[in-house]
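Each remark here refers to the structure printed beneath this line.
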Amino acid sequence: MEEKVYSYVIVGYGGMGSYHVQLVGQHKKLKVTGTYDIARNRQEAAEKNGLKVYPSLEAVLADQTVDAILIATPNDAHKDIAIRALQAGKHVVCEKPVTINSKDLLEVMEVAKNAQRVFMVHQNRRWDADFMIVKEMYETKKIGEFFHIESRVHGANGIPGDWRHLKVHGGGMLLDWGVHLLDQLLFMVDSRVKSVAANLSYVLGDEVDDGFSCFLTFENGITAVVEVGTTNYLPLPRWYVKGTEGTTLIQDWDLRGEIVKPFHRGEKAEPKPIQAGQGLTKTMAPPSEQSTIRLPIQRAAANMESFYDNFISVIEGAAEPIVKNEEVYRVLVLLETILKAATSGEVIKDFDL
Ligand code: NAD
């Protein structure tokens, strides 16, 4: 028997929508068959790229040959398109942030449940190589038990594009990059968040945040700094992680970095004092070569099926979603708490699910 190939239509053929055409690529069971975008130039671009162009969302949803759609529009449009598509019997992949508040996601989840359709959010950075390395280290205890994690993305180009500058479209960096970094953290650390303190940055004068810093404490004692910046001409490293048996630094997505671990060989060598500014210090002297081991950053074993393989497996009832809607919901609740903590200046506790 011939295997079914699911027909997939991209709604919102902008930067990310067109990237999904590459992501789906030559998938054996999923084929991008068309697009719909409200902008005429994007409709023309899709046509030029050989894709079928639908005149309206209604036309996409009325087409019985379409099995699933991707939503890659600005954030505020996700909810309405998702609900309509699910009610029309389509499976849905939705770009992040899934909705601009957690309540809206609950509504979409209810509709998906009633329609018995798959609704999955493209929280793709769970597959990033740098994150997978850190997650594997967490699980294998390569640097012992983690006790402090710093996860950052620092750029210097301000808020990109047009709609990301506006509240009404769900703009701002907390909803944009914040979703990714917090999703990674909650996916990795197997503990509830105990408390959150946060600060949002508005230095560019937009009505939405151009970055943020937050400090999280987990119930298992791990602390984390998560930071997104768009005004950082000198970026800090992507990851800085301290464990009971060493420290890891990953500079960037190119995976430059290293692991330094203590090396216990007989008696501990006393560090020699160094000249530091106008004084001497032994405490801050670098550990001697003999008392540490330096290890390279190595790629983690790929142990998750790809996003689209998983989407198809979930449709066919053969797997659980890797990105679960309840997890996506938990991230949105955390985002809302960060916003509240930043606005009130308070440390917020007892909010995690
Ligand atoms: P974009 O502005 O490049 O593209 C959005 C497109 O949607 C535009 O072509 C616009 O004309 C179209 N559009 C707007 N309203 C529409 C509607 N109601 N129906 C159909 N089309 C509509 O934006 P982008 O950077 O591609 O972002 C789109 C989505 O993808 C956002 O939710 C964003 O957060 C997400 N995104 C995710 C990642 C990721 O790594 N997962 C990366 C970038 C963007």
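Charge tally around Pro97: other residues with Cβ under 12 Å, Lys/Arg +1 each, Asp/Glu -1 each, net -3. For the stretch 151-254, the fraction of alpha-carbon pairs lying more than 24 Å apart is 27 percent, rounded to a whole number. Any chance you could tell me what percent of the C-alpha pair distances in the stretch 39-110 go past 18 Å? Tail of the P(r) past 18 Å holds 44 percent of the pairs. When you restrict to C-alpha pairs under 8 Å that are six or more residues apart and normalise by the size of the stretch 192-297, the relative contact order lands at 16 percent. Measuring from a point 7 Å past the Cα of Val260 along Cα-to-C-beta, which residues in the stretch 230-248 have an amide N at less than 12 Å? Taking a point 7 Å out along Cα→Cβ of Val260, the residues of the stretch 230-248 whose backbone N falls under 12 Å are 246-248. Beyond 27 Å, what percent of the Cα pairs of the stretch 194-353 remain? Percentage above 27 Å: 53.
Over all pairs of different C-alpha atoms in the stretch 207-298, the reciprocal of the mean inverse distance, the Kirkwood hydrodynamic radius, equals 16.4 Å. Legend: translational diffusion of the chain by Stokes-Einstein, Rh = Kirkwood radius over C-alpha pairs, 20 °C, 1.002 mPa s; D = 96 µm²/s. Divided by 2.2 N^0.38 Å, where N counts the residues, the Cα radius of gyration of the stretch 94-184 comes to 1.35.
The phi torsions of the stretch 318-331, fed into the Karplus equation with coefficients 6.51, -1.76 and 1.60 and a -60° offset, translate into couplings of 9, 7, 7, x, 6, 9, 8, 4, 5, 5, 5, 4, 4, 5 Hz, rounded to whole numbers, with Gly and Pro shown as x.
The mean sequence distance of close C-alpha pairs (under 8 Å, at least 6 residues apart), as a share of the length of the chain, puts its relative contact order at 16 percent. Derived scalar couplings between HN and Hα for the stretch 203-216 equal 5, 7, x, 7, 7, 10, 5, 9, x, 7, 10, 9, 10, 10 Hz in order, rounded to whole Hz, by the Karplus curve 6.51 cos²θ - 1.76 cosθ + 1.60 (θ = phi - 60°), x for Gly and Pro.
Between the amide H of Glu245 and those of Gly144, Glu145, distances stay under 5 Å, these residues lying 5 or more places away or on another chain, with hydrogens modeled in the peptide plane. Along each principal axis, taking the top coordinate minus the bottom one, the Cα set of the stretch 1-141 gives 53, 40, 33 Å in descending order.
Calculated [222 nm] ellipticity per residue, helices only, for the chain: -8500 deg cm²/dmol; basis is -39500 (n - 2.57) per DSSP H run with n ≥ 4, divided by all residues, nearest 500. Amide H to amide H, with H built 1.01 Å from N, Cys94 comes under 5 Å of Ile71, Met120, Val121, His122, counting only residues 5 or more places away or on other chains.
Its Cα centre serving as origin, the stretch 1-118 has a Cβ charge dipole (Lys and Arg +1, Asp and Glu -1) of approximately 220 debye.
Every number in this text was worked out from the coordinates using simple rules, so none of it is lab data. Quick caveat: nothing in here was measured; it's all calculated off a predicted structure. Note that we place each Cβ from the backbone using ideal geometry, even for glycine, and neighbour counts take in every protein chain shown.
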